[in-house]
1. Please give the length that would be gained between residue 468 and residue 431 if that part of the chain were fully extended, namely 0.36 nm times their separation in residues minus their C-alpha to C-alpha distance (nm, one decimal).
2. Where does each of 15-27, 415-427 land if you order them by average Cβ count within 10 Å, highest first?
3. Can you report the principal axis dimensions of region 159-205 using only the alpha carbons, biggest first, rounded to whole angstrom?
4. State, to one decimal in nm, how far the label point of residue 457 lies from the label point of residue 486, with both points 7 Å from Cα in the Cβ direction.
5. By count of other Cβ within 10 Å, fewest leading, how are 346, 400 ordered?
6. For region 433-493, list log₁₀ I(q)/I(0) at each q in 0.20, 0.28 Å⁻¹, using the Debye formula over Cα point scatterers of equal strength and ignoring solvent, two decimals each.
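Read-outs: derived from the displayed coordinates by stated rules, not from any lab. Keep in mind that this is a model prediction, so the values were computed, not measured. Here the Cβ is made from the backbone with ideal geometry for all residues, glycine too, and neighbour counts use every protein chain on show.
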């Protein structure tokens with residue numbers, strides 16, 4: 001066990017200070033783990049690989065992965081050859097033209113759905129979500145996509161009405177309102193809405209209300225605006241692809257080390273609490289065992305000019321080294337199901353469009369809805385703008401945390417466990433660069449990268465005065481901090497559900 005820090009203040013003296021205040025005895029709201037319901041992967045054939053299966057099982061155990069979204073279920077390498085429907089084969093090159101015969105496409109999807117029902121049973125298959133196509137590749141809306149969606153939806157419902165089908169699975173949040181309106185008009189089944197968005201997409205460009213591309217929350221504001229359209233139609237909303245962006249870091253354009261750094265971890269902690277109202281939020285992807293242009297077996301892709309344009313989507317490298325974003329999801333795995341409502345961030349020297357780069361949220365209990373622990377999540381994040389990133393990064397900050405708890409709920413403990421993710425403490429990519437970027441790893445090198453991928457954990461003392469406990473820490477650029485404090489059981493906790501409050505416990 002790490003030694004407890006002797007002082008409750010260990011920030012840098014010359015840094016600006018951000019103040020965070022929270023009331024542990026105040027009202028809490030539900031905090032569903034919607035990011036766990038689905039993580040993305042590559043094409044379906046990858047699921048036959050032993051290393052992919054091992055990484056999936058690890059992700060189930062460590063970050064709560066409950067489902068996988070994949071492409072290419074009907075590729076010919078999955079022994080499906082829709083020659084008659086399309087006039088060509090469904091290999092990875094993609095089907096870039098609509099079916100020549102929608103009746104034959106309907107029959108193919110119906111046979112596929114019936115096969116799944118016969119093999120796995122209605123109890124399982126009815127919990128799956130059939131998303132029609134991906135980003136309308138070769139299927140412009142509405143001329144090609146709408147007939148394709150209609151044939152697919154009717155076919156699946158003919159197998160069993162309980163099978164769930166939706167779309168438009170569009171890039172950049174497009175055609176959400178169009179699909180809702182057109183399916184209502186034509187009486188086509190539609191069980192859910194799905195779309196994709198990345199911070200490197202043209203963001204906030206369609207939104208009103210003073211939003212602009214320099215807004216630190218631009219990505220989540222755009223997604224929530226799209227989700228509101230589905231909510232108005234009483235439809236669940238799935239953000240079925242997202243990540244920290246397709247740009248690679250300041251000045252690098254696409255590719256680069258972006259997703260391998262703490263930038264991605266800070267994005268996760270900053271963004272996901274803002275999207276807790278969505279049914280599904282699916283990170284693309286959980287593993288670098290992935291092929292889109294071609295399969296790359298390098299430990300990390302950054303730094304090789306011949307493949308600089310390739311993007312590393314995964315949370316785990318091909319060798320199973322956890323990236324900083326994976327560690328962020330690992331912290332979230334243990335987050336409580338109750339989120340404190342009364343938390344404020346005060347920054348007298350905001351860096352980003354008059355907004356603080358420091359964000360925070362806190363939960364009570366554990367992932368099972370039990371326990372009394374307090375967990376505070378902090379991120380120092382400022383998004384790069386669009387697909388042409390600037391060199392702007394958020395500066396380090398001292399963060400002073402002031403936590404209140406009613407005396408009747410019990411005393412504060414003297415310490416808490418602080419876990420950190422930043423480019424000094426959790427930096428496997430930097431360690432690989434220092435090794436000279438070896439294209440393959442020997443056992444010793446792999447062990448070093450695993451060690452460098454860990455969070456930095458230490459027990460820290462809390463300054464306790466009656467009902468208040470305080471702590472000051474330094475939060476570096478793109479840094480994440482997680483403070484866990486074990487509390488004695490409270491006699492009463494205010495819980496808000498659907499606009500109503502009730503006393504529990």
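1. Contour length minus the Cα-Cα distance gives 9.3 nm.
2. Sorting 15-27, 415-427 by mean packing, highest first, produces 415-427, 15-27.
3. On the principal axes, region 159-205 reaches 39, 21, 10 Å in Cα extent.
4. 1.3 nm
5. Fewest-to-most Cβ neighbours within 10 Å comes out as 346, 400.
6. -0.97, -1.26
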